[in-house]
1. For A:GLU71 and D:GLN30, what does the FRET efficiency come to when R0 = 56 Å and r is the distance between their Cβ atoms, rounded to the nearest 0.05?
2. Eigenvalues of the Cα gyration tensor times 5, then square-rooted: what semi-axes does that give for region D:36-118, in whole angstrom, largest first?
3. Using only DSSP helix segments of four residues or longer, with each worth -39500 (n - 2.57), what per-residue ellipticity at 222 nm results for chain A after dividing by its residue count and rounding to 500?
4. Just to confirm my numbers, what's the Cα centroid distance between region C:46-103 and region A:3-77 in Å?
5. Nearest-5 percent of antiparallel DSSP beta bridges in chain A?
6. When we measure straight from the Cα of A:LYS68, which lysines land under 24 angstrom away, once same-chain ones fewer than 8 places off are left out?
7. With all pairs of different alpha carbon atoms counted, what Kirkwood hydrodynamic radius in Å does the protein assembly as shown show?
8. Taking amide H atoms as placed 1.01 Å from N in the peptide plane, list the residues 5 or more away in sequence, or in a different chain, whose amide H sits under 5 Å from that of B:ASP28.
Amino acid sequence: MEQKTCLFINRRSPYGSTHASEALDMAFALSAFEHRVSLIFMDDGVLQLMRDQQTETIGMKNMSPSFKAWEDYEIQHLYVEQASLETRGMQASDLLLDVEIIDSQQLAKVIQSHQFIFNN
Amino acid sequence: MPTLHIINTSPNMRTALQSCLRVMHEDDGIIFIEDAVISVKKDTPIAELIKEKILTGKCFFLKPDLEARGIKEESMTQGIKLVDYNGFVKLTIEFYRTQTWS
Amino acid sequence: MELEITKDGFLINKEDWTKEIAEKIATEEGIILTEQHWEIIFFIQEYYAEYSLTPIMRILGKAISKKLDENKGKSRYLYSLFPEVPIKQAARIAGLPKPPSCI
Amino acid sequence: MKFTIIVNNAPYLSQSSDTACKFAQALLEQGHELVQVFFYFDGVLNALDNSEPPQDDRDVIENWSKLAEENELDLIICSSAALRRGVSDKLAVGFKSDSLGRFSKAVTLSDRVISFGT
């Protein structure tokens with residue numbers, strides 16, 4: 001079995017659409033099946049990692065606790081684009097996990113170091 | 001190892017192109033398909049945005065999508081390259097990976 | 001009181017779960033619960049409480065190996081306790097949602 | 001070259017499924033191998049049987065079915081995405097429901113993975 005390097009670029013806000021949660025399912029599955037998977041959060045995707053998500057009143061499952069299982073699923077890296085945080089008035093302390101915050105040039109390098117890119 | 005970025009939404013409606021330009025490498029290519037083909041029009045803010053990319057000769061447009069939308073050759077920015085579905089396939093081989101932006 | 005369950009026999013409200021109900025479901029699965037079973041059941045309940053996830057077998061096994069005991073994470077051990085489909089049976093007995101069939 | 005294609009959008013509301021199908025056709029004509037077409041998110045709706053588009057427009061689902069038949073392709077819809085959307089029993093010709101594990105295998109075998117839509 002040939003292991004591939006897979007990068008998920010998450011650009012969508014959670015809950016407004018199913019992109020965030022179903023993309024996470026796919027990323028976890030590929031990783032559990034032995035591929036080397038990393039996740040990037042950019043644009044509105046950074047909202048997926050916001051602390052204190054309370055979804056009871058909109059009647060949807062809170063997806064944010066699942067991100068904390070990333071190590072169990074052997075996800076390689078979690079990256080967040082600095083510019084996307086800034087544009088949304090957010091900072092590292094707003095996020096529920098310790099992630100690698102990188103600038104756009106570093107992000108370009110991360111993309112270059114992967115074989116397959118998944119956009120969501 | 002350069003990437004082929006596939007843009008499929010109009011830059012007047014969505015920020016896919018802007019985000020793509022922010023994180024793309026200078027050797028990367030872009031192909032505009034579906035509603036993104038409106039980016040081909042000359043003398044527009046979008047044309048200005050992709051000017052440098054066009055100069056590198058790595059800006060491609062899916063011809064069937066341009067034709068479908070009635071966009072004529074004389075209204076297109078100079079230097080862009082038109083491809084059909086076969087050309088699109090060839091590009092995905094020429095570049096090492098693809099990244100779709102919606 | 002009639003328990004609300006899905007068509008696959010999973011509890012709809014995890015608040016309904018009690019050890020007695022777990023024993024009843026286990027009987028339906030042909031399993032007599034021992035201390036070893038309870039350990040795994042509590043483990044996946046805690047896992048769900050923390051991550052809102054029922055992980056696939058390999059991941060669960062690894063998590064158990066790390067947090068409980070190396071041998072208990074082995075699939076041979078888990079199959080000896082829950083002989084059909086460990087994750088599915090354990091989740092059902094633990095009163096958790098049916099694990100996603102996709103993975 | 002070995003390709004895997006991912007179709008993320010439902011037919012009709014978006015052009016993505018059409019483009020993906022034309023792309024698939026072109027790569028097969030060039031003699032490349034299509035390991036799998038994987039349908040995810042609302043893309044699983046491409047497998048709906050009994051769709052009846054107006055006679056004077058294209059039939060997206062039938063286009064996939066034909067391509068699959070002519071080239072013995074695997075058109076795989078993600079079973080959990082499908083279950084959630086009520087796509088389960090009868091699928092259009094050429095489609096099969098399977099797990100993300102099956103998709104993961106296709107990724108293993110591929111030189112290129114190309115997404116259409118979302």
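1. Numbers: r = 42 Å, r/R0 = 0.75.
After rounding to 0.05, the efficiency reads 0.85.
2. Values: eigenvalues 90, 48, 27 Å².
So the three semi-axes of region D:36-118 are 21, 16, 12 Å.
3. Numbers: 4 runs with 33 residues, N = 120.
One gets -7500 deg cm²/dmol as the mean residue ellipticity at 222 nm.
4. What the calculation gives is 21 Å, centre to centre.
5. Numbers: 1 of 17 bridges.
Expressed as a percentage, antiparallel bridges in chain A total about 5.
6. A:LYS4, C:LYS14, C:LYS62, C:LYS66, C:LYS67, C:LYS72, C:LYS74, C:LYS88, C:LYS98
7. Details: mean 1/r = 0.0426 Å⁻¹.
Averaging 1/r across every pair of different Cα atoms and inverting gives 23.4 Å.
8. B:THR3
Just so you know, all these numbers are worked out from the coordinates, no wet-lab data involved. All values derive from a computational prediction rather than experimental measurement. Please note: Cβ atoms are built from the backbone with ideal geometry, for glycine as well, and neighbour counts cover all protein chains shown.
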